[in-house]
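The next block holds one structure in the form of structure tokens; read it before the comments.
The values are calculated or read from the model by the stated rules, or taken from the named source; none is laboratory data. As the structure is a computational prediction, the values presented were derived from the model and not from experiment. In this analysis, Cβ positions are derived from the backbone assuming ideal geometry, glycine residues included, and neighbour counts consider all displayed protein chains. Only protein heavy atoms, including side chains, enter the accessible area calculation; ligands, DNA and RNA are left aside. Shrake-Rupley method; radii C 1.70, N 1.55, O 1.52, S 1.80 Å.
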Amino acid sequence: MVRVSFNNRNAVFLQTLRERVDAYFASQNIKPSGDYRLYLKTAVLILAAVALYIVLVFFTPAPPIAILLCVLMGFSFSSIGFNVMHDGAHGSYSSIPWVNEIMARSLEVMGGSTFMWRFKHNVVHHTYTNIDGMDDDIDVKPFMRISPTQPVRGYHRFQHIYWVFFYAIMLVFWVFYADFQKYFARKIGEMDIKKMTPRDHVEFWLGKVLHFSLFVGIPIWQVGLVPVIIGYFTVLLVAGFGTSIVFQLAHVVEETQFPVPTGDPARIENEWAIHQVVTTANFATRNKLISWLMGGLNFQIEHHLFPKISHVHYPQISKIVKEICAMYNIPYTEYPTMLSSIRSHVRHLKQMRFA
């Protein structure tokens, strides 16, 4: 397994950031974890998802209405993932550990594995962001070429068109294949997964049973096989596209970098915090609706620098990060709207079509 290190011997950028951010929380006399805004949002999102589930499964609306409700259910999956699960898995939802654990476990309900997510996302992605062969989030090979270091295929010339399809099936792939592949291979990319305890194994399988019971078994019993197939995959396709596009806009746009480790042992010349900034981008940070729905993941730079801070604080933290980046002459990439970020993402995919 390749191990990559960072040049952290003189990490003054991160030290300055931490000092300023710590001073902000001290001056405001607030905790970096979530507050009433996050708790209220959680209640709204979960109650909406439960209401949609009850109507779809137990009241069987007419097909056009049912499809619309399934689309809304897909959006609710994404928003719960962004807002509730994501903060919980990072330990930033609450200052109480068991509360974080409960919120992180919402991923099991939606078909994923918290164990796999924490290693794939918290450890691998947040450490080796945009490093080909390490960051599983940019590994869409052979179907798409995301990084300049990945091999070119003839069909990549159309990836700026068919990317919508692959992002939509991401959650289907995740639920039906990716977690199981990682479970049996004991690897994520080139990284060995830490040894699972007996409890980890039980929780992995119980999570899968819970998801398929709630969203396949019980619905089939209530409304029949064909409607469930249509509705279930509608939910997964909508949720998959919503989840994929947010994470791709955060790292796969024209201005973000894809650093290549050099030397033996392999090393990135930047300190870890600078690496996070240059491989990440923000978008639509002034759009309060997008920020609310996406759990502040449009403030992705702040999230990568401070994953243990709840997203409700990112708008204020971003002012500090921008100032410190300017002080150290570090590029801070931010797109004014989500649409402008999508356009940049498509242009990047076009650039990656050829070597």
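Quick look at the numbers
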| item | result |
| --- | --- |
| Mean ellipticity per residue at 222 nm, deg cm²/dmol - from DSSP H runs of n ≥ 4 across the chain, formula -39500 (n - 2.57) | -16000 deg cm²/dmol |
| Residues of the stretch 52-85 with amide N under 19 Å of the 7 Å Cα→Cβ point at residue 39 | 83-85 |
| Alpha carbon Rg of the stretch 56-132, scaled by the compact-globule rule 2.2 N^0.38 Å | 1.38 |
| Gaussian network model of the chain, springs between alpha carbon atoms under 10 Å - residue of 105, 118, 37 with greatest fluctuation | 37 |
| Along principal axes, Cα extents of the stretch 269-355, largest first, whole Å | 40, 36, 21 |
| Inter-label distance, nm, simple model (7 Å from Cα along the C-beta direction), residue 269/residue 122 | 3.4 |
| Solvent accessible area, Å² - residue 196, 1.4 Å probe, full protein context | 20 |
| Candidate lysines for bridging to residue 31, where Cα separation is under 28 Å - those fewer than 8 sequence places away on the same chain excluded | 41, 120, 288, 308, 319, 322 |
| Förster-model FRET efficiency, 35 Å R0, residue 323 and residue 201, C-beta, rounded to 0.05 | 0.15 |
| For residue 335, distant residues with modelled amide H under 5 Å away | 282, 283, 284 |
| Table column - 3J(HN,Hα) (Hz), the stretch 185-193, Karplus curve with 6.51, -1.76, 1.60, x for Gly and Pro | 7, 6, 9, 10, x, 9, 9, 6, 6 |
| With eigenvalues of the C-alpha gyration tensor scaled by 5 and rooted, the chain, Å | 32, 25, 21 |
| Equivalent ellipsoid semi-axes - Cα gyration tensor, the stretch 38-91, angstrom | 25, 10, 7 |
| For the stretch 4-49, convex hull of alpha carbons as volume per residue, Å³ | 106 |
| Prolate/oblate/rounded label for the stretch 139-181 (Cα gyration tensor, a/c 1.5) | oblate |
| Residue 299 accessible area, assembled protein chains, probe 1.4 Å, Å² | 10 |
| Ordering of 56-62, 123-129 by packing [mean C-beta count within 10 Å, highest first] | 123-129, 56-62 |
| Residue 187 long-range amide H proximity, modeled H, under 5 Å | 193 |
| Acute angle (nearest 10 degrees) that the helix 36-54 long axis makes with the longest principal axis of the chain, alpha-carbon atoms | 30 |
| Where a label projected 7 Å from the Cα of residue 25 along Cα→Cβ would reach, residues of the stretch 303-328 with amide N under 13 Å | 306-314, 317 |
| Rounded to 5, percent antiparallel among DSSP beta bridges of the chain | 40 |
| Tensor-based shape of the stretch 132-280 (alpha-carbon gyration tensor, a/c under 1.5 rounded, otherwise prolate or oblate) | oblate |
| Per-residue ³J(HN,Hα) for the stretch 248-254, Karplus 6.51 cos²θ - 1.76 cosθ + 1.60, θ = phi - 60°, Hz, x for Gly and Pro | 6, 5, 7, 9, 10, 9, 4 |
| Translational D in µm²/s for the stretch 204-345 (Stokes-Einstein at 20 °C, 1.002 mPa s, Kirkwood Rh from C-alpha pairs) | 121 |
| Hz values of 3J(HN,Hα) by residue in the stretch 213-230 - Karplus curve (6.51, -1.76, 1.60), Gly and Pro given as x | 5, 5, 10, 10, x, 4, x, 4, 4, 8, 10, x, 5, 4, x, 5, 4, 5 |
| Amide proton proximity set for residue 267, modelled H, under 5 Å, gap of 5+ | 5, 262 |
